[in-house]
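Novice: I am attaching a structure below and will ask some questions about it afterwards.
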Amino acid sequence: MSSIARLTGAAVAAGVVVAGIALPAVGGSGALFISASEDLSFKPEDLKEPPPAEVTRILDANGRQIAQFYEVYRESVPLSQVSDIMKTAIVAIEDDRFYEHGAIDIEGTFRALAKNLATGGVSQGGSSITQQYVKQVLFTSANSKAEQAKALEASYARKYRELRYAMAVEKKYTKDEILEKYLNIAYFGASANGIEAAAKRFFGVRASQLNLVQAATLAGAVQDPNMTDPNVSKAHKKRLLERRNIVLDRMAELKKITKEEAEEAKAAKLGYKGTALPGGCESSDYPYFCMYVRSEMLTNPAFGKGKKYRKAQLDRGGLTIKTTLDPRMQAAAEIAIKKHVHASDNPVAAEALVQPGTGAIKAMAASRKYGGDEDKNEMSYNVVADAEHGGGTGFQAGSTFKTFTLLTALKQGMKINDGFNVGSSYSAPNYWSFKNCKGKNVGEPGWPVTNDEGGGGFKSLASGTWGSVNTFFMMLEQKVGLCETVQTAKSLGIHRSDGLPLQEFETFTLGINEMDPVTVANAYAAIGARGKYCEPMVITQITDRNGKRYDYKPKCKQAFDPEVADAAADILSGVFTRGTMRGVGGIGRPAAGKTGTTDAQSTAWFAGFTPDLAGAVSIGDPRGSVKYKLNNVMIGGRYYGSVFGASVPGPIWKDTMLAALKGVPPTPFTPVDTARFGGCGQSCQPQRPVRPEPPADPFEDGEVLYDTHD
């Protein structure tokens, strides 16, 4: 008799597993057998069970899913949410004595042992479901390919380790708990991890809805999912069908189903649907907002220490993230943009809506889809946000920056109708007439700034703002201070879209810095909130995989005196009735805002607010706004000789607000403190007579003629 035969016979007689090491007879009769190492320990060893990677779900403000992130496609579910027939099928084919034995199935292991001894290796596993769970944990928690290989190696040493871990698992959990864990960690093929993901991927149903045919298919897939992956080839599908039928026969043999039921199920087609894998932001209906959320999770320490940890939580943590997105307001922005700008146009329009007093971003929309396919004119970056949140370099904000000079003047005590005479051209009186925040002289007397709207004359804070008079704002910035104006802007969160330092030159007030709609909208929202600045906010709540909830509140500060904001709002309200937006008109409720157009119509903006909602709209050519200006262009099927802030961005903003605030009771602005500011803005006449001026083009805005930035 050969040594292999003698070893096999002895093993069977003893009723134990022999694998070249001593193994305890767990859950059945038998005694220890010969050991290659008599001093090995057979005590249970605790298994470290880091939670398996799961899908993170992103929800809108109403709790509806809008996107999901994952490194591994898995959605864990309790055993109660798995159909009974699925439980029956997996136990029948993988471990039919699962509820009877302990950590190891002696009978099953005998069969495997005989096969292994005959082949001289480890060709058959004979593992219980508990042991298979242990193997999956070791594999999914491996930190390197070497560790993964060790978890799967065909060796008795691995089986020994698995057994000790399995003994501990059996002591720690009930059988149902082990089965639940196994079903949630097992890989079924087609990139589906866990029974819920597999049910959706294979058949487009929940795990609780699986029928006999579907359950037998998935139960058959776990043995060798790479060889039966129906997403690979017809041959793989054929093997999966064969495995399904084996499962059905085994279920009938164990009398879990009748032979008739088995034959009927075997006659059915495979039924694989190949439901598309859930994608990231490119698959979301709200890709720009989705990108902002993802970037915020990765960059904001409020959501965990270290980018590596935050990324792991986002891609593997199974989080549920509730956001500020308002679907109704988002739809309002999308419809308004689509009305005025086509996706096929070279210029791209982008809009952000922000709630005053919280900084909550309610909508982010653009005229082009996100995706990066140039042939389809798609955007490859977040045109609505800054570079930190997936955006690009942005567009120069133009005369929307005049508002920061206006606020600075009001903070320094100027009254609404205070002003001075200006000409049609302005040059810095000397090199030291403007100083940046480092105290450096930045005045350039040789560079003139002119007005688009014609001659000069006396301009007050009110009338100078309504007409967006360049020469007035250059003189005003000279009076109140360049650095002081920059500091006002910074107090409202203003920063360059590309992340570089703000350019602090004398034309700062004319909007030479590149911005994004989120940043500009949020700054204007602070005026609507009476000077209360809040950081942009998209995440309100995170619930982890264990159900623990974390709530996030707005981070706000009082940037400046509320009464200063009241006076600024009053002046900016006149832009709709007596200023650059008078050709477009208001929205039927208290509103204020400012148009913006850059040098020779490179880009155009409108930023406006009510006490309830603020928004900013930009339009420019992403191929290069300086080279591809908004002159002699077709936008939205309409020809424009020149595009100004009130010609495209203004109407988009108006249409958005009308729809977004429909049904929302209008909130009035707080009246101006006339004792302090000496007037009531747009309803008052200037304190000094003004020379008659020719009527201005309703689509005309101040223009940046001195640009220090390429």
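Novice: Mind ranking 56-62, 155-161 by how tightly packed they are, going by the mean number of other C-beta atoms within 10 angstrom, highest first?
Specialist: Details: 56-62: 19.4, 155-161: 17.4.
Packing order, densest peptide first, comes out as 56-62, 155-161.
Novice: Ranked from the most accessible area to the least, with a 1.4 Å probe and all protein chains present, what is the order of ASP326, ASP224, ASP46? Numbers along the way, then the final one.
Specialist: Numbers: ASP326 35, ASP224 65, ASP46 130 Å².
The ranking, largest first, comes out as ASP46, ASP224, ASP326.
Novice: So how much accessible area does HIS342 have, in Å² to the nearest 10, using a 1.4 Å probe?
Specialist: Rounded to the nearest 10, that gives 80 Å².
Novice: Under 11 Å from the Cβ of ALA526, count the other residues' Cβ atoms, weight Lys and Arg +1, Asp and Glu -1, and hand me the total.
Specialist: On the way: positive: ARG530, LYS532, LYS557; negative: GLU535.
Here the charged neighbours net out to +2.
Novice: Percentage of Cα-Cα pair distances in the stretch 189-310 greater than 27 Å, rounded to whole percent? Spell out each step's value before the answer.
Specialist: On the way: 2684 of 7381 pairs.
For the stretch 189-310, the fraction of Cα-Cα distances above 27 Å is 36 percent.
Novice: Can I ask one more? Quick one: with all protein chains in place, what share of the accessible area of the stretch 433-586 is carbon or sulfur, to the nearest percent (1.4 Å probe)?
Specialist: Numbers: 2540 of 5190 Å².
Using a 1.4 Å probe with all protein chains present, the stretch 433-586 comes out at 49 percent carbon and sulfur.
Novice: Pop a pseudo-label 7 angstrom from the Cα along the beta-carbon direction at both ALA675 and LYS172 and give the gap in nm to one decimal.
Specialist: So the two model labels end up 7.1 nm from each other.
Novice: Sticking with this one: With every protein chain left in place, what is the accessible area of ASP285 in Å² (1.4 Å probe, nearest 10)?
Specialist: 110
Novice: Counting just the Cα atoms, what span does the stretch 225-371 cover along each of its three principal axes? Round to the nearest Å and put the largest first.
Specialist: Principal extents (Cα only, largest first): 68, 42, 26 Å.
Novice: Which percent, nearest 5, of DSSP beta bridges in the chain are antiparallel? Let's see the in-between values first.
Specialist: Details: 53 of 60 bridges.
Roughly 90 percent of the DSSP beta bridges within the chain come out antiparallel.
Novice: For a protection proxy built on the mean count of beta-carbon atoms within 10 angstrom, sort 658-671, 418-431 highest first, please. Show your work: numbers first, answer last.
Specialist: Details: 658-671: 13.8, 418-431: 16.9.
Highest-to-lowest ranking by the protection proxy: 418-431, 658-671.
Novice: If the viscosity is 0.692 mPa s and the temperature 37 °C, what translational diffusion coefficient in µm²/s does Stokes-Einstein give for the chain when Rh comes from Kirkwood over Cα pairs?
Specialist: Working: Rh = 29.6 Å.
Once the numbers are plugged in, D ends up at 111 µm²/s.
Novice: In degrees, nearest 10, range 0 to 90: what is the angle between the Cα axis of helix 3-14 and the longest Cα principal axis of the chain?
Specialist: 90
Novice: In addition: LYS200: which aspartates and glutamates have alpha carbons under 12 Å from its alpha carbon, excluding same-chain residues fewer than 8 sequence positions away?
Specialist: Hits, sequence-local ones excluded: GLU75.
Novice: Can you run phi through the Karplus equation (6.51, -1.76, 1.60; θ = phi - 60°) for the stretch 638-652 and list ³J(HN,Hα) in whole Hz, with x for Gly and Pro?
Specialist: Taking θ as phi minus 60°, the curve returns 10, 7, 10, x, 8, 9, 10, x, 8, 8, 10, x, x, x, 4 Hz for the stretch 638-652.
Novice: When only the heavy atoms of the protein chains count and the probe is 1.4 Å, how do TYR286, TYR381, TYR99 rank by accessible area, highest first? Display every interim value, and only then the final one.
Specialist: On the way: TYR286 25, TYR381 65, TYR99 120 Å².
The ranking, largest first, comes out as TYR99, TYR381, TYR286.
Novice: Can you give me the Kirkwood hydrodynamic radius for the stretch 312-370, using every pair of distinct Cα atoms, in Å to one decimal? Walk me through the intermediate numbers first.
Specialist: Values: mean 1/r = 0.0758 Å⁻¹.
When all Cα pairs of the stretch 312-370 are included, the Kirkwood radius is 13.2 Å.
Novice: May I pose another question? Under the Kirkwood approximation for Rh and a Cα-based Rg, what ratio Rg/Rh is obtained for the stretch 525-585?
Specialist: On the way: Rg = 18.2 Å, Rh = 14.3 Å.
Looking at the stretch 525-585, the ratio lands at 1.27.
Novice: Each residue of the stretch 189-205 in order: what ³J(HN,Hα) in whole Hz does its phi give by Karplus 6.51 cos²θ - 1.76 cosθ + 1.60, θ = phi - 60°, with x for Gly and Pro?
Specialist: Residue by residue, the stretch 189-205 yields x, 6, 6, 9, 10, x, 5, 5, 5, 5, 4, 5, 5, 6, 10, x, 10 Hz.
Novice: Please give the direction-averaged projected area of the C-alpha convex hull for the stretch 479-533, in square nanometres with one decimal. It would help to have the intermediate numbers written out before the result.
Specialist: Numbers: hull surface 15.5 nm².
It is 3.9 nm².
Novice: Suppose we take every Cα in the stretch 595-656 and form the convex hull; what volume per residue is that in Å³?
Specialist: On the way: hull volume 4.7 nm³, N = 62.
Roughly 77 Å³ of hull volume per residue.
Novice: Per residue, how much accessible area does the chain show when a 1.4 Å probe rolls over the protein heavy atoms, in square angstrom? It would help to have the intermediate numbers written out before the result.
Specialist: Values: 29470 Å² over 710 residues.
I get 42 Å² per residue for the chain.
Novice: Along its three principal axes, how long is the stretch 526-671 when you only count alpha carbons? Whole Å, largest extent first please.
Specialist: Principal-axis extents of the Cα atoms in the stretch 526-671, largest first: 56, 44, 31 Å.
Novice: Once amide H atoms are built 1.01 Å from N in the peptide plane, which residues 5 or more positions from LEU59, or in another chain, come under 5 Å H to H?
Specialist: The answer is ILE66, ILE321, LYS322, THR323.
Novice: Let me ask another. Placing unit charges on C-beta atoms (Lys and Arg positive, Asp and Glu negative, everything else neutral), compute the dipole magnitude of the chain about its Cα centre in debye, rounded to 20.
Specialist: On the way: 83 positive and 77 negative charges, 238 e Å.
Here the size comes out at about 1140 debye.
Novice: In addition: From the Cα gyration tensor of the stretch 395-449, with a ≥ b ≥ c the square roots of its eigenvalues, which class applies: rounded if a/c is under 1.5, or else prolate if a/b is larger than b/c, or else oblate?
Specialist: Working: a/c = 1.41, a/b = 1.31, b/c = 1.08.
In terms of gyration-tensor shape, rounded.
Novice: Still on this model: So how exposed is VAL213, as accessible area in Å² (1.4 Å probe, rounded to 10)?
Specialist: 30
Novice: Roughly to the nearest percent, how much of the accessible area of the stretch 150-287 is carbon and sulfur, given a 1.4 Å probe? Could the numbers behind the result be given before it?
Specialist: Details: 3190 of 6480 Å².
About 49 percent, which is the carbon plus sulfur part of the accessible surface.
Novice: What does the highest-first list of 260-271, 177-188, 614-625 look like by mean Cβ count within 10 Å? If you can, show how the numbers build up before the last one.
Specialist: On the way: 260-271: 14.4, 177-188: 22.7, 614-625: 25.3.
Final packing ranking: 614-625, 177-188, 260-271.
Novice: Can I ask one more? For ALA332, what charge total do you get from the other residues with a beta carbon under 12 Å from its beta carbon, if Lys and Arg give +1 and Asp and Glu give -1?
Specialist: Values: positive: ARG328, LYS338, LYS339, LYS362, LYS654, LYS662; negative: ASP326, GLU334, GLU351, ASP655.
Residues near ALA332 contribute +2 overall.
Novice: For LYS548, which lysines qualify as cross-link partners when the Cα separation must be under 22 Å and same-chain residues fewer than eight apart are set aside?
Specialist: Qualifying lysines at Cα under 22 Å: LYS48, LYS181, LYS305, LYS307, LYS308, LYS311, LYS322.
Novice: Looking only at the stretch 491-507, which residues have a backbone nitrogen under 20 Å from a spot 7 Å from the Cα of LYS627 in the C-beta direction?
Specialist: 498, by backbone N distance to the label point.
The values are calculated or read from the model by the stated rules, or taken from the named source; none is laboratory data. Keep in mind the model is a prediction, meaning the values are calculated, not measured. Ideal geometry is used to build each Cβ from the backbone, glycine not excepted, and the neighbour counts take in all protein chains shown. These area figures cover heavy atoms from the full protein model, side chains too; ligands, DNA and RNA do not enter into them. Shrake-Rupley method; radii C 1.70, N 1.55, O 1.52, S 1.80 Å.
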